[in-house]
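Read the structure below first, then the notes.
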Amino acid sequence: MTQAILKKFFRLTQFQHFCVLFFLLSILYVAWWIASWPGILGQDSLATILEVESNQEFQSGKPAFWALYAIATYGPWRLVEIPIAIQLLLCAIVCARVLSWMLQKMMYKSFLYCLLFVALAPSVMYYASSLYSDGIYAISTAAMLFEIWRIHQNKKIDSAAACILLITIPFSLFSRPNGIINIIAILVLAYILSRRERIKLAMIVIPWLMVALYAQLAVKQWGKIGTVFPVALYETVGFLENRPMGLWENNEPRVTNKTIDALRSHGETVENILKYYDHYYWDPLVFFPKGPALMALPKSAKQIIVHEFFKYNLWHNFPAFAASRVNIFLYAAFADGGFPGIKNAEHILPQTKSKSIVKFRNGILHKYLSEWFDFTFKYRVIFWTPWLGLWLIAIGISRTWRARDMAGFTICTTLLLQLIAVFSFSIAGEYRYLLAFFTAPLALLPAIYAPIKNIKPETKNL
């Protein structure tokens, strides 16, 4: 009987496969959501909520589009369940879309891996059900790149691709600072499409660009953290760490005098600043109540720190800089950063004006799914690390370049640039910064192996 059901299942159309998979994923996502109700909340979630509730007087430092998303979905009702529900729904849709395509193309091994170890991976479900942008960004990026690859292969934007691009582009481009790199894949696609298809693409992309522009103008950004200053500040403080060997003592100064003066410009001594330097996180330097709060430095001091970093400090401390980059990257890759527990909402919600209520803590779903989560987290070096995605990027770059496969090469190169950006500018060993590489197989497996299997461009729509 099982064989008969499987045969019937594999004979379904792609749309029927999509419906079945969407239903399955929705049920499992909702089960996890109930187990962690109202969702996973951490300090960044708290900052986002407070930004909305204070009419942006409190600044989370997140991208303007993410702040606008929170204002639109959390603001009117004060329920964190609403933005989280939207994220889970979108994840179910786009994962079902890619998985149903794999089934139709008989990429069964890729299908099983992406179903069990990506779409249903604990890290993906954890962040998809959290008020963090990282989960929805990672899934949206993979789905968007997959559709760009399909369109590139077919030279046509069908209705399925249009729908997926429409719901993924805003999150993959604007919900994370490094997301704007993904526009490279869109620009390459626009270059190879015919005029008619280019107009279709513009009709999808331009409205979201206008929304992003509106977000930049409408959302207060005086507390924006930025990209270059944080890494310049964090690494500069690291250069000043005590070196017992004294190798610098009779040589050139480690950092310029202008840098020292800039660090001291709001009354902190270098000695006190160094007490709050951490090899894995910049947070103590800027967020700790008793710390030096270096984000409060005058604008002129910040400019000096950045200028001196690129003029002198970086080049005279490059080994230390490179070691710091590798250290933070590996700390994140092995998922050793801090993670808010699935019960963390109990501590976050009382600090807000949210109407959300913690529920279902004594239910069977919470008991068993929290045990499942704890097991996978204990062995996260197996279940959470993004090594396959990173390996596929390397393989994909090589194979698509040799095959002169522009579609696959565009996808792999876009992800490589993302990797370079994350490696170069991360100032905390947060696993969530690498989640997009964990979900990358959704796009990379088709882009790399479908041409090898001689899968023909599609002539039919979803």
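The values are calculated or read from the model by the stated rules, or taken from the named source; none is laboratory data. None of these values were measured; they are calculated from a predicted model. Note that we place each Cβ from the backbone using ideal geometry, even for glycine, and neighbour counts take in every protein chain shown.
Of all positions in the stretch 32-54, none carries a residue that is free of Cβ contacts under 8 Å to residues at least 40 places away in the same chain, over 27 Å from LYS359 (Cα atoms), among the polar types (S, T, N, Q) and not in a helix (DSSP H, G or I).
For ALA443, the conditions (1) modelled with pLDDT under 95; (2) farther than 24 Å from ALA322 by Cβ; (3) among the small types (Gly, Ala, Ser) all hold with the exception of (1).
In this structure, GLY61 does not qualify as surrounded by fewer than 24 Cβ atoms within 10 Å (Cβ to Cβ), in the same structural domain as GLN87 (by TED's automatic domain parsing) and touching a strand residue (DSSP E or B) at 6+ places or on another chain (Cβ under 8 Å).
Being part of a helix (DSSP H, G or I) and in contact (Cβ under 8 Å) with a residue 24 or more places away in the chain is the filter here, so list the residues in the stretch 262-284 that pass it. First the steps, then the outcome.
We begin by selecting, within the stretch 262-284, every residue part of a helix (DSSP H, G or I); these are 262-263, 270-275, 283-284.
Residues satisfying the conditions are ALA262, LEU263, VAL270, ILE273, LEU274, ASP283.
Taken over the stretch 145-182, residues that are out of contact with any Pro (no Cβ under 9 Å at 6 or more places or on another chain), under 20 Å from LEU435 (Cβ atoms) and of a type in the set (A, V, I, L, M, F, W, C) amount to 9.
Considering each of TYR137, TYR126 in turn, give the residue that is touching a strand residue (DSSP E or B) at 6+ places or on another chain (Cβ under 8 Å), at pLDDT 95 or above, assigned by TED's automatic domain parsing to the domain that holds VAL52 and at negative phi. Exactly one residue qualifies, and that residue is TYR126.
Against the definition (among the aliphatic types (A, V, I, L, M), in the same structural domain as GLU346 (by TED's automatic domain parsing) and either free of Cβ contacts under 8 Å to residues at least 24 places away in the same chain or buried (at least 19 other Cβ atoms within 10 Å of the Cβ) (or both)), how does LEU79 come out, yes or no? It is false that LEU79 is among the aliphatic types (A, V, I, L, M), in the same structural domain as GLU346 (by TED's automatic domain parsing) and either free of Cβ contacts under 8 Å to residues at least 24 places away in the same chain or buried (at least 19 other Cβ atoms within 10 Å of the Cβ) (or both).
On the basis of being buried (at least 20 other Cβ atoms within 10 Å of the Cβ), under 21 Å from the mean Cα position of the chain (by Cα) and of a type in the set (Val, Ile, Thr), does ILE157 make the cut? Spelling it out, it is not the case that ILE157 is buried (at least 20 other Cβ atoms within 10 Å of the Cβ), under 21 Å from the mean Cα position of the chain (by Cα) and of a type in the set (Val, Ile, Thr).
Among the residues making up the stretch 184-209, those that are buried (at least 17 other Cβ atoms within 10 Å of the Cβ) and either within 21 Å of the chain's Cα centre (by Cα) or touching a residue at least 60 places away in the same chain (Cβ under 8 Å) (or both) are ALA185, ILE186, VAL188, LEU189, VAL205, TRP208.
One residue stands out among those in the stretch 258-277 that are charged (D, E, K, R) and under 15 Å from ALA293 (Cβ atoms): the one that is surrounded by the most Cβ atoms within 10 Å (Cβ to Cβ), which is GLU268.
Taking the criterion of being among the small types (Gly, Ala, Ser) and at pLDDT 90 or above, the only residue of the stretch 233-249 that qualifies is GLY238. Would you confirm whether any residue within the stretch 400-411 is outside any loop (DSSP other than H, G, I, E, B), under 20 Å from the mean Cα position of the chain (by Cα) and not assigned by TED's automatic domain parsing to the domain that holds ALA323? Yes, that holds for at least one residue.
If only one of ALA218, ALA212, ALA202 is at pLDDT below 90 and not assigned by TED's automatic domain parsing to the domain that holds LYS311, which one is it? Can you show your working first?
On the way: ALA212 fails: at pLDDT below 90; ALA202 fails: at pLDDT below 90.
After applying the criteria, what remains is ALA218.
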